[in-house]
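The values are calculated or read from the model by the stated rules, or taken from the named source; none is laboratory data. Computed from a predicted model, the values in this text were never measured in an experiment. Quick reminder, even Gly has a Cβ in these numbers, built from the backbone with ideal geometry, and neighbours come from all protein chains shown.
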């Protein structure tokens, strides 16, 4: 499975998981010149920017380890821009990370949800 397909599968799995947990998905793959956010959702009057990392190998470490300070800073900038464009959304914001591990055939092995991640 190529990286793009793996990433799309991971985002689909993450969205299914979030919907089961009563999150309302606003958009996926929001792009601006400031950066990109995989999933933007709402739960309990909180706007949540979600980074999804999917891996089918341990060669590069755990999926969540790929979300570093630089990536978090990009999500913050992009999230504030999204909020400016959508001012009627909740004021409270947070960043979550969903780490997904797949086997070599693309079957889900593990999904971990890290809530309210910060620098």
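Taking the listed residues 72, 89, the one that is surrounded by fewer than 20 Cβ atoms within 10 Å (Cβ to Cβ) and without any contact (Cβ under 8 Å) to a residue 60 or more places away in the chain is 72, with no other qualifying.
Looking at 34, 47, 13, just one residue is more than 20 Å from residue 111 (Cβ to Cβ), touching a strand residue (DSSP E or B) at 6+ places or on another chain (Cβ under 7 Å) and touching a residue at least 40 places away in the same chain (Cβ under 8 Å), and that residue is 47. Within the range 21-29, identify whether any single residue is surrounded by fewer than 16 Cβ atoms within 10 Å (Cβ to Cβ), at positive phi, in a strand (DSSP E or B) and touching a strand residue (DSSP E or B) at 6+ places or on another chain (Cβ under 8 Å), and answer yes or no. Yes - at least one qualifying residue is present in the range 21-29.
Among the residues of the range 91-115, how many are assigned to a loop (DSSP other than H, G, I, E, B), more than 11 Å from residue 50 (Cβ to Cβ) and either at pLDDT 95 or above or under 18 Å from the mean Cα position of the chain (by Cα) (or both)?
We begin by selecting, within the range 91-115, every residue assigned to a loop (DSSP other than H, G, I, E, B); these are 91-92, 103-107, 115.
From what's left, more than 11 Å from residue 50 (Cβ to Cβ): 91-92, 103-107.
Next, from what is left, pick out any that are either at pLDDT 95 or above or under 18 Å from the mean Cα position of the chain (by Cα) (or both): 92.
Looking only at that region, the number is 1.
The requirement of being part of a strand (DSSP E or B), surrounded by 13 or more Cβ atoms within 10 Å (Cβ to Cβ), within 14 Å of the chain's Cα centre (by Cα) and modelled with pLDDT of 95 or more is satisfied by residue 37. What pairs can you find where one residue is in the range 101-115 and on the phi > 0 side of the Ramachandran plot and in contact (Cβ under 8 Å) with a residue 60 or more places away in the chain, the other is assigned to a strand (DSSP E or B) and exposed (fewer than 12 other Cβ atoms within 10 Å of the Cβ), and their Cβ atoms are less than 8 Å apart, with a gap of 6+ or different chains? Between residues of the range 101-115 that are on the phi > 0 side of the Ramachandran plot and in contact (Cβ under 8 Å) with a residue 60 or more places away in the chain and residues that are assigned to a strand (DSSP E or B) and exposed (fewer than 12 other Cβ atoms within 10 Å of the Cβ), there is no close pair.
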